[in-house]
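The block underneath contains the structure these notes are about, expressed in structure tokens.
The values are calculated or read from the model by the stated rules, or taken from the named source; none is laboratory data. For clarity, every value in this text was computed on a predicted model and none was experimentally measured. Every residue, glycine as well, gets a Cβ built from its backbone with ideal geometry; the counts of neighbours run over all protein chains shown. Ligands, DNA and RNA are stripped out before the accessible areas are found, and what is left, the full protein with its side chains, is counted by its heavy atoms. Shrake-Rupley method; radii C 1.70, N 1.55, O 1.52, S 1.80 Å.
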Amino acid sequence: MKLIKLWDADVNKAYALHKTFQQIENGFENPAYGLSFDDFTAYVEQRKKRSQGIGLKEGYVPDTVFVLTDSGENYIGIFNLRHRLNEFLKNGPGHIGYGISPLYRNKGYASEGLILTLAEAKKMGIAEVYLSCNKDNEASFRVQQKNGAVLHHEDEHKYYTRILL
């Protein structure tokens, strides 16, 4: 298993992966939903710039989108790592958002991908990772707990967890 930055991935495979996701599913948002191939390639370039802090909209922070692969052959999931938090992210989505393609769910890939993404966060100097998930997505909550997350708080709809690195 490995993570590949979206802009370093095979664009055809990455596009096919993104097409397996709904626009919003279990709290995972797919901003590439419905894009044509040409628009997707532009989206990839935009994400590269965003990771460098270039062209960020008001209220956004730099982030890196990774593709999770199994030995580089199959593109399995998408992991988004925000480089820092603002007040909205501290009280909401947190550092990491992730989704596993419906083709590969319930096989432990989310746990493996989160392990790799936490390692990337540590390289960035992040000491405590904030995460959240919908309460009706128990699988995601278990993935976070398996990776050392503790429940920080909850509201009517979401669990908010923390992982010390």
Going through the range 8-29 one residue at a time, which ones are within 18 Å of GLY97 (Cβ to Cβ) and open to solvent by less than 50 Å² (accessible area, probe 1.4 Å)?
-> ALA9, ALA14, LEU17, HIS18, THR20, PHE21, GLU25, GLY27, PHE28
Number of positions in the range 139-165 that are open to solvent by 90 Å² or more (accessible area, probe 1.4 Å), within 19 Å of GLY108 (Cα to Cα) and part of a loop (DSSP other than H, G, I, E, B) = 0
